Amino acid sequence: MPRETTIRPPSFNEFENTGQTFTETQGTSFDGTTAAQHIIFESVWATFFGFSLVLSLIIGVGIIYAMMRVRQIRSVEARHYANQPLSSAARRVFDIEDASVGSVHSSRWQSVIEHANSESPNDWRQAILEADVMLDDAITSRGYAGEGLGEKMKQISRSDINSIDDAWEAHKIRNRIAHEGSNFELTKRETRRTVDLYERIFRELGHM
């Protein structure tokens, strides 16, 4: 006779145990995913923070270096321009000319004119020599330095003084008088022409 198989339905306790096991398994899986996501987030944030920190340090060092270089450049510029003479136009704009200096120059120039109008060749030579000394003083007052007037005028360009060529021409006449003495034949007409050259540059420099 065949054996009969009896099927027994699960009890309530068995259902409860199965549900609890499923819940524990699901909770364990959920907690593992959250932990993985947290680890990944912390890793990305740490990488971003480290990169930002390094970049900030590089930028900060660059800014400090740039500020130091700008300060050095400004210091060099200040020293450079402090030694540069002012042009005649700038001196007039800033009203640097001294009235007493202008009076002295006017008096000395009057003496030059009187010597140039004389009938004595010695007075003609004296007029040109005195005018050249006045030119040396005028150029020196602009801040140009050198062993002599020639060295000072070598530093001057036409953009600084338009009549610098006239100054050179007059200075060459003075040099011939100083070096050749009485052997240099100077006429009254040449004297007046040379004095006019000095006058042009004095006018540009604001001494007249």
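The values are calculated or read from the model by the stated rules, or taken from the named source; none is laboratory data. These numbers were taken from a predicted model, which means no experiment stands behind them. Glycine also receives a Cβ, built like all others from the backbone with ideal geometry; neighbour counts cover every protein chain displayed.
Hey, which of the helices (runs of 4 or more DSSP H) in the range 91-208, taking only ones fully inside, have at least 2 residues that are of a type in the set (D, E, K, R), in contact with a helix residue (DSSP H, G or I) (Cβ under 8 Å, 6 or more places away or on another chain) and modelled with pLDDT under 85?
Working: elements: 99-116, 121-141, 149-153, 164-180, 188-204.
Because the criterion is at least 2 residues that are of a type in the set (D, E, K, R), in contact with a helix residue (DSSP H, G or I) (Cβ under 8 Å, 6 or more places away or on another chain) and modelled with pLDDT under 85, no helices (runs of 4 or more DSSP H) in the range 91-208 meet it.
Considering the range 169-197 alone, what residues qualify as being touching a residue at least 60 places away in the same chain (Cβ under 8 Å), surrounded by 19 or more Cβ atoms within 10 Å (Cβ to Cβ) and out of contact with any Phe, Trp or Tyr (no Cβ under 7 Å at 6 or more places or on another chain)?
Listed by number, the residues that qualify are 194, 195.
Give just the number: which of (1) surrounded by 13 or more Cβ atoms within 10 Å (Cβ to Cβ); (2) under 29 Å from the mean Cα position of the chain (by Cα) does residue 200 not satisfy?
The one condition residue 200 does not meet is (2).
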